Amino acid sequence: MKLIKLGILIFSVFLISSCDEFPDHDAFIEIINNSNEDIVWIQLSNVTVNDTLTLTESLPWSNINEKIIPSGTEIKHDFIASNVQKRLSTGWFVYYLFSYDSLMTIPWERIRDEHIVLKQVYFETWEDMEACDFTITYP
């Protein structure tokens, strides 16, 4: 019996030590929409150029309605801290906020090429994210 308990203890210690990190509760990006219009967000990682030209050639959403933040609301976009820190080591984390109405009426190529963006927030380091308290507010 003692041998079984010892085996379970050793296995548990091995299992716990093999985990990279436990999720950090501060590893949420909160996007708050204080405007009178619906906005849509996109996040890119490993970006080294802070420009809309890093966006895809075609509209990047298969279902745009999943990315809408209605006026006067907020969302929490979940990330595990260790993943974000690894991504930041190879480039920036960029959030783009767009007007939902603009996305529905203006061709994506024009939005991309003419930089028709409501707000652009980029994080170069983990400290940048901490400095804004993991919150992006529009406007």
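The values are calculated or read from the model by the stated rules, or taken from the named source; none is laboratory data. Being a predicted model, the structure only gives us computed values, none of them experimental. Every residue, glycine as well, gets a Cβ built from its backbone with ideal geometry; the counts of neighbours run over all protein chains shown.
Checking ASP78, ASP51 one by one, the residue that is among the acidic types (Asp, Glu), in contact with a His (Cβ under 9 Å, 6 or more places away or on another chain) and at pLDDT below 80 is ASP51 and no other.
Taking (1) in a strand (DSSP E or B); (2) modelled with pLDDT of 80 or more in turn, SER45 satisfies each apart from (2). Of everything listed in (1) among the β-branched types (Val, Ile, Thr); (2) at pLDDT 70 or above; (3) over 19 Å from THR137 (Cβ atoms), the single unmet condition for VAL94 is (3).
Looking only at residues that are β-branched (Val, Ile, Thr) and over 16 Å from HIS77 (Cβ atoms) in the stretch 95-138, which one is surrounded by the fewest Cβ atoms within 10 Å (Cβ to Cβ)? Among them, the one singled out is THR105.
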